[in-house]
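In what follows, a structure is listed as structure tokens, so that the remarks can point back to it.
Bear in mind these aren't lab numbers, they're just calculated from the coordinates by the rules spelled out. Bear in mind the structure is a predicted one, so any value in this text is a computation, not a measurement. So basically every Cβ, Gly included, is an ideal-geometry build from the backbone, and we count neighbours across all protein chains shown.
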């Protein structure tokens, strides 16, 4: 069976590569590239894109027929798998590129503030409804909740404080406490860091100081990423380069431009069991690091939109 790739992420090798099947899911297969510490993902989806993704679209295929450890190889733009009739034609597939580094969001804009507030309320509402392990609002109640909650909350506050001051070493120390923290293939600490980087990249624009911080922090983060699993490490690698999934990048754009925020939030939250929610948590926190309307709170008080209840997030300024 030969299927045509609908799209290729910007980080996918085009014509020739060798790999081994690293993990298999119902609608995704991760391939470990030979001699490289990163993965390429073949995924079945009608719209979800990844920087490292080879997207195919069919309703009549389960990828669980493939087996971890088997060899895969692309030659002449055709990806084949040992012991499987499945082949994927990469030739002519359009290249998908994440646009997050071009957003240049400004948190002083009323449009962005409103988009952020809408996203925050939807995120917390869905987390509480689904009884997820993490609820964004509760992360910053530092003396309450589980040990995981307290570790996440304190580390995130330290990370935000360091990023505000462009203090790379302090940010790296905070990130080290988050890497690999939590259960799952992509632990919550990793997902939050990925979202946090998306927030920073969304605001960096062409500012040389911000870009220098992101690049230096990203380089340190890749050293720390050796402490987590391969799948998380791949996402962190691309996040350091300013590349994110289409659902996270679409949400960042929606907030920045004030369009389709609710629908983009709901799409982003649907990724995985809780990975989408954790990444969105990181994104919304990251968006508040720079361009704040005041030195103490990123949102003007008393707007009546519920943001006043989030002031505890910004206690970091007095911690």
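Worth pointing out:
- Sorted by Cβ neighbour density within 10 Å, fewest at the top, the residues 165, 230: 165, 230
- A viscosity of 1.567 mPa s and a temperature of 4 °C, combined with the Kirkwood radius over C-alpha pairs in the Stokes-Einstein formula, give region 2-96 a diffusion coefficient of 101 µm²/s.
- Residue 142/residue 169 FRET efficiency (R0 22 Å; Cβ-Cβ; nearest 0.05): 0.45
- Summary value for the chain: 19 percent relative contact order, contacts being C-alpha pairs under 8 angstrom separated by 6+ residues.
- Our summary gives region 138-271 a relative contact order of 18 percent, counting only alpha carbon pairs under 8 angstrom and 6 or more residues apart.
- Theoretical FRET efficiency, 1/(1+(r/R0)^6), r = Cβ-Cβ of residue 207 and residue 80, R0 41 Å, to 0.05: 0.35
- Acute angle (nearest 10 degrees) that the helix 168-178 long axis makes with the longest principal axis of the chain, alpha-carbon atoms: 70 degrees
- 0 to 90° range, to nearest 10: angle between helix 208-224 axis and the chain longest Cα axis: 60 degrees
- Over the chain, the ratio between the Cα radius of gyration and 2.2 N^0.38 Å evaluates to 1.00.
- Subtracting the Cα-Cα distance of residue 114 and residue 95 from 0.36 nm times their residue separation leaves 3.6 nm of extension gain.
- Between residue 35 and residue 59, the contour length at 0.36 nm per residue exceeds the Cα-Cα span by 5.3 nm.
- Taking label points 7 Å from Cα along the Cα-to-Cβ direction, residue 70 and residue 227 give a separation of 3.7 nm.
- When 56, 192 are arranged by Cβ crowding within 10 Å, least crowded first, meaning fewest neighbours, the order is 56, 192.
- Ranked by the mean number of other Cβ atoms within 10 Å of their residues, highest first, the peptides 128-134, 59-65, 100-106 come out as 100-106, 128-134, 59-65.
- Degrees, to the nearest 10: 147-164 long Cα axis against longest axis of the chain: 80 degrees
- Ranked 46, 207, criterion: other C-beta atoms within 10 Å, fewest first: 46, 207
- For the chain, share of DSSP beta bridges that run antiparallel, in % to the nearest 5: 70 percent
- Among 86-97, 233-244, 180-191, 26-37, the peptide with the highest mean count of other Cβ atoms within 10 Å heads the list, and the full ranking is 233-244, 180-191, 26-37, 86-97.
- Placing dummy labels 7 Å off each Cα toward the beta-carbon, the span from residue 260 to residue 46 is 1.4 nm.
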